[in-house]
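Visitor: This is the structure I have questions about; it appears just below.
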């Protein structure tokens, strides 16, 4: 959970320095973001990104959950919990995440999809990504996943279907598919 401080329309959200990964228990570096609601800007160091109020709320909720996966229902509540009519269809979270991804890359941040669970904010500066897969997911890829992917590829499944079946992010699933195809290519040669 992050500490929040509000100063004249600006809010500083900083991850707790002693933050640990819920999966492997390893240390996770803090991400310091400055939310300027008056100007609609989110800053990290010397870089700024302009976000709408709802996107700013979404990024704040992802940062507060970091390094854990933020469940979609919790993200929806963070955005629309105070709306009297209940807000739009929950699928709006997926749309907003898709639209935010290219914007927050300028802050060296990424949003990972975790099928059936939600989204996670990843700090690209801290080396949380290795070969396109986050460290916490690296240890989740098991031999059974290779067998599943081989079977699903053989049955004509695409990236989305395979990611949903094995329960990994697109990024991890893409890497896993490449590995399986490489192994199949070496076996055929």
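The values are calculated or read from the model by the stated rules, or taken from the named source; none is laboratory data. Since the structure is predicted, the reported quantities are computational estimates derived from the model, not experimental observations. Quick reminder, even Gly has a Cβ in these numbers, built from the backbone with ideal geometry, and neighbours come from all protein chains shown.
Visitor: Of the numbered conditions (1) surrounded by 12 or more Cβ atoms within 10 Å (Cβ to Cβ); (2) at pLDDT below 90; (3) under 20 Å from the mean Cα position of the chain (by Cα), residue 37 fails exactly one; give the number of that condition.
Guide: Here residue 37 meets the rest and fails (3).
Visitor: Being exposed (fewer than 13 other Cβ atoms within 10 Å of the Cβ) and either at pLDDT below 85 or within 15 Å of the chain's Cα centre (by Cα) (or both) narrows it down to one residue among 161, 187; which is it?
Guide: The match here is 187.
Visitor: Applying the selection to segment 149-165, what residues are within 18 Å of residue 119 (Cα to Cα) and either without any contact (Cβ under 8 Å) to a residue 24 or more places away in the chain or assigned to a loop (DSSP other than H, G, I, E, B) (or both)?
Guide: Within segment 149-165, 159, 160, 161, 162, 165 meet the criteria.
Visitor: Now a separate question. Residue check: is residue 122 modelled with pLDDT under 90 and either within 14 Å of residue 59 (Cα to Cα) or crowded, with 17+ Cβ neighbours inside 10 Å (or both)?
Guide: Yes; evaluated as a whole, the condition is true for this residue.
Visitor: Can you confirm whether segment 6-26 contains a residue that is modelled with pLDDT of 85 or more, in a loop (DSSP other than H, G, I, E, B), surrounded by 16 or more Cβ atoms within 10 Å (Cβ to Cβ) and assigned by TED's automatic domain parsing to the domain that holds residue 109?
Guide: No; the residues of segment 6-26 include none that is modelled with pLDDT of 85 or more, in a loop (DSSP other than H, G, I, E, B), surrounded by 16 or more Cβ atoms within 10 Å (Cβ to Cβ) and assigned by TED's automatic domain parsing to the domain that holds residue 109.
Visitor: Let me ask something else. What are the residues in segment 70-93 that are part of a helix (DSSP H, G or I) and either at positive phi or loosely packed, with under 13 Cβ neighbours inside 10 Å (or both), if any?
Guide: Correct list: 73 only.
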